[in-house]
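J.: I am attaching a structure below and will ask some questions about it afterwards.
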Ligand SMILES: [Zn+2]
């Protein structure tokens, strides 16, 4: 099983990236990604579609 996720900027709440991964129990991913809206790297968290 695969699931599709969005990576949402924790500062502006913009959904900047879409990703997919194997469905696994639990752990929420938090990644530093470049946000075009904030124009800097910010923590992004997973959000389900
Ligand atoms: Zn942002």
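The values are calculated or read from the model by the stated rules, or taken from the named source; none is laboratory data. Nothing here was measured: the structure is a model prediction, and the numbers come from that model. Every residue, glycine among them, receives a Cβ derived from its backbone with ideal geometry; neighbour counts consider all protein chains shown.
J.: Can you find a residue in segment 14-28 that is within 15 Å of the ligand (Cβ to nearest atom) and exposed (fewer than 13 other Cβ atoms within 10 Å of the Cβ)?
T.: no
J.: Also, I was wondering about something else. Just wondering, is there one or more residues in segment 32-39 that are modelled with pLDDT of 95 or more, loosely packed, with under 10 Cβ neighbours inside 10 Å, more than 10 Å from the chain's Cα centre (by Cα) and within 16 Å of the ligand (Cβ to nearest atom)?
T.: Scanning segment 32-39 turns up at least one residue that is modelled with pLDDT of 95 or more, loosely packed, with under 10 Cβ neighbours inside 10 Å, more than 10 Å from the chain's Cα centre (by Cα) and within 16 Å of the ligand (Cβ to nearest atom).
J.: Out of the residues in segment 1-13 that are assigned to a strand (DSSP E or B) and more than 16 Å from the ligand (Cβ to nearest atom), state the one that is surrounded by the most Cβ atoms within 10 Å (Cβ to Cβ).
T.: The extreme case among them is 5.
J.: What are the pairs, 6+ residues apart or on separate chains, where a residue within segment 1-30 that is in contact (Cβ under 8 Å) with a residue 40 or more places away in the chain and within 14 Å of residue 41 (Cβ to Cβ) has its Cβ under 9 Å from a residue that is more than 16 Å from the ligand (Cβ to nearest atom) and outside any strand (DSSP E or B)?
T.: Matching pairs, first to second residue: 7/29.
J.: All but one of (1) on the phi > 0 side of the Ramachandran plot; (2) in contact with a strand residue (DSSP E or B) (Cβ under 9 Å, 6 or more places away or on another chain) hold for residue 3; which doesn't?
T.: Unmet condition: (1).
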